[in-house]
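Okay, so here's the structure we're looking at.
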Amino acid sequence: MAEHESAQARLDKVVMLIASNIVAEVCSLYLRRRDGSLELVATEGLNPGAVHNTHLKPGEGLVGLVAEQAEPKQFADAQHHPAFSYRPETGEEAYHSFVGVPILRGGHTIGVLTVQNRTMRQYGDEEVEALQTTAMVIAETLAAGGIVSDEVTAETRRDSNARFMGQPISESVALGHVVLHEPRIVVTRLIAEDVDLERRRLQQAIEDLTGQIDDMMERGDLARAGEHHEVLEAFRMFAHDHGWRRRLDEALATGLTAEAAVQRVRNDTRARMLRMPDPRFRDRLHDIDDLSNRLLRFLSGGTETAATGSLPEDAIVIARTMGPAELLDYDRQRLRGLVLEEGGVNSHVAIVARALGIAAITQCKGVLEAVEQGDAAIVDAQGGELHLRPTQEVISAYSDKVRFQARKQAQYAALRNVPAMTLDDQRVGLHINAGLLFDLPHLDQSGADGIGLFRTELQFMISSTFPRLDQQTRLYKSILDSAGKRPVVFRSLDVGGDKVIPYFRAGAEENPALGWRAIRMALDRPALFRTQIRALLRAAQGRELRVMLPMISDVSEFETARALIDRELTILKKHGRTEPSKLMVGAMIEVPALLWQLDSLLPLADFVSVGSNDLVQFLFAADRGNDRVSGRFDALSPAALRAFRQIVLAADRHGTPLTLCGEMAGRPLEAMALVGLGFRSISMAPASVGPVKAMVLSLDAENLRRRLDTLLEERKTSLREDLKRFAAETGVQI
Ligand code: PEP
Ligand code: MG
């Protein structure tokens, strides 16, 4: 297969060699055409005139049977098999015994290799095994570019264009080219020169891989890769699975390289699983693919993701799942879109995608199965759709949509300096959520009133060691410099859960979202917290400083943290440094227990901010990053809205400034409900400021408050439809 001849000449030679090695009168090769039929493309023994003229419909004949079931079949008396299809032009009536093996690629049949004999003979296991290995070599070689004709290719995808549905993470639309986050390794060296060496290489790679998986589970840094515990458990099971190892050994024994053996076993396993009726088995395909891919990466000596390689100008990154830090590894100038197969819309990678302003969707099931590196793609994060290899019509429809989007943006830009005032003269403060330097221009571009949430952990998540005091000071100072007179709320380090800092080993936890995170870590390890406070105090230099404490569950935590902050302030003064003109310390309300401590907390806090992402996940006990449950409960349910209203009423009672900085604040319908409940300040992703401002300008807040009074008493899972109706009736732009 490696010789420099035409694909046809190579295939002719292959069938001839197989026939003579197996001592068979006939060896033929069929490949799938674009229409799904199988074409005889090379033969030794059958009538040469039949080559390219014999076509079998899908499922037709014994060859069709092998193709359909994707497994080897042999028959001692083929002609008397009910599926036998007689083709006079081939001259095969003289042959009785038949063995056929599928040519598989990605678990799909792209052709069939057959051997026939005049006698009614039984083919040995080793012969069938050798045929399968040959079939694999043919598949890989054809995929590497050896196309036989226009109609017959190694393509496994029948439809060139495909459409997938997912959940929108952001609002925009992007056209670009696919970059697989975990690149598929192309196996080029197929035939082993030294079988023992290949065995040792494979052994070593499996040891490295299992070591890595065990390590990740022990360290509990699963979330860096956005991986769930379950997935790693599945990996571990597979990696230790004897059946899998035995199949790899058998593949090696037929003379394949370690890489080719992994590829072959992956193909066979996929082919089997794809045909299982139980969909749970199909879910496992992902695990096999991931595991095989990782193993191939170990064999090729590289363990990196696509972020470190070269990217096209308009990259649309596709992954099963990933962590926020991994997304930040990509070159932002070239990143246009993100498509994930798994993960909730409020997961932290989703938040980072939104902050980057890229078109992003999640829960796009089955896309990895259908996509190839470099495919053209359109991510429509408004409609929650992905178009792969789109037709010209789809491309021009989307180009129109992109132009429309630009016009809309221009309208929002025109609102930039218009204060967000409701029809009944209620001023609503619109702030942005930020976390990195690249967020800064957004403050001016969006016309926001300030930064309502600065997620300081992002700096920690993207660096490879703890940012030093001076590095932290520098970042905070530049943020304050560019914010000018506009307020900035710095949230103290909120790590843990799915926000992992790779160099800080916290140890594995059963329930990281409920574990040692945020303020809990800060109070147990005050050195880290104090360094950060020191950096913030130094950065302020005579300006106002607002510090917000995440994940407060008990008022005493707020008091202890505040005492630490005061101590740092005393030290600052002692060193003769300029103190902030005003220091305000606030708490995030994101743990339900605080709802019943509001009367003790609110008098102590200078301001509070509802972290609705966490508050809603804890209220409903539904993991925000797990798409099986995250969509089950709605923040627009009477239950959640009543909780928010309780906070509004308490804040009014105590005169404590209140805002909300969860992702819901950036969705016009949700933001409308919040204003109706009495929120007069909310904080959101920068791209949402325009649409939310348009909503505010068209809303009568008092009218909505009255409507909510009745709606909140109703027994409903969600008020979403009622609120949409309100907006439609009263002309609110949502
Ligand atoms: C929240 O929980 O709503 C919040 C704003 O914080 P984060 O999303 O960073 O956990
Ligand atoms: Mg939170």
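The values are calculated or read from the model by the stated rules, or taken from the named source; none is laboratory data. All of these numbers come straight from a predicted model, not from anything done at the bench. So basically every Cβ, Gly included, is an ideal-geometry build from the backbone, and we count neighbours across all protein chains shown. With ligands, DNA and RNA removed, areas are computed over all heavy atoms of the protein, side chains included. Shrake-Rupley method; radii C 1.70, N 1.55, O 1.52, S 1.80 Å.
Points to keep in mind about this one:
- Highest-first packing order for the peptide set 718-731, 101-114 is 101-114, 718-731, based on the mean count of other beta carbon atoms within 10 Å.
- Mean projected area of the Cα convex hull of region 611-701, taken over all directions, amounts to 6.0 nm².
- Dipole of the chain computed with +1 at Lys/Arg Cβ and -1 at Asp/Glu Cβ about the Cα centre; of ILE206, SER612, LEU62, farthest Cα towards the positive end is SER612.
- Straightening the chain between ILE571 and SER399 buys 56.1 nm, computed as 0.36 nm per residue apart minus the Cα-Cα spacing.
- Rg and Dmax of region 82-137, based on Cα coordinates, read 12.7, 35 Å.
- Helix 469-483 axis versus longest C-alpha principal axis of the chain: approximately 70°, rounded to the nearest ten.
- Solvent exposure of the chain, expressed per residue, is 42 Å² of accessible area, with all protein chains present and a 1.4 angstrom probe.
- Trypsin sites (Lys or Arg not before Pro) restricted to DSSP loop in region 534-605 with at most 15 other C-beta within 10 Å: ARG577
- Listed residue pairs exceeding 23 Å between alpha carbons, taken from LYS485/LYS693; LYS582/LYS693; LYS485/LYS574; LYS408/LYS724; LYS485/LYS582: LYS582/LYS693; LYS485/LYS574
- Its convex hull of Cα atoms gives region 434-479 a direction-averaged projected area, equal to a quarter of the hull surface, of 3.2 nm².
- Fraction in percent of alpha-carbon pairs per bin - 5 Å, region 393-505: 2, 10, 16, 16, 14, 12, 11, 10, 6, 2, 0
- Helix 720-730 vs. the chain, principal-axis angle (Cα, 0 to 90°, nearest 10): 60
- Mean shadow area of region 13-94, taken as a quarter of the surface of its Cα convex hull (nm²): 5.4
- In this structure, the residue pairs whose Cα-Cα separation is over 30 Å, taken from LYS477/LYS499; LYS13/LYS365; LYS499/LYS573, are LYS13/LYS365; LYS499/LYS573.
- Ellipsoid fit via the Cα gyration tensor, the chain: semi-axes of 59, 28, 21 Å, each the root of five times an eigenvalue, largest first.
- Across the options GLY662, PRO638, LEU723, the greatest Cα extent toward the positive end of the charge dipole of region 599-734 (unit charges at beta carbon of Lys, Arg, Asp, Glu) belongs to LEU723.
- Measuring only protein heavy atoms, the 1.4 Å probe finds TYR123 accessible over about 10 Å².
- Efficiency of FRET from Cβ geometry, ARG474 and ASP524, R₀ 25 Å, rounded to 0.05: 0.40
- Net lengthening on full extension, GLN409/ASP652 (0.36 nm per residue, minus Cα-Cα): 84.0 nm
- Apolar share of the accessible surface for the chain: 50 percent from carbon plus sulfur atoms, 1.4 Å probe.
- The angle between the Cα long axis of helix 229-239 and the main principal axis of the chain comes to about 20°, on a 0 to 90 degree scale.
- Plainly put, region 477-593 has a radius of gyration that is 0.99 times its Kirkwood radius, both from alpha-carbon atoms, as the Rg/Rh ratio.
- Taking all Cα pairs closer than 8 Å and separated by 6 or more residues, the relative contact order of the chain comes to 11 percent.
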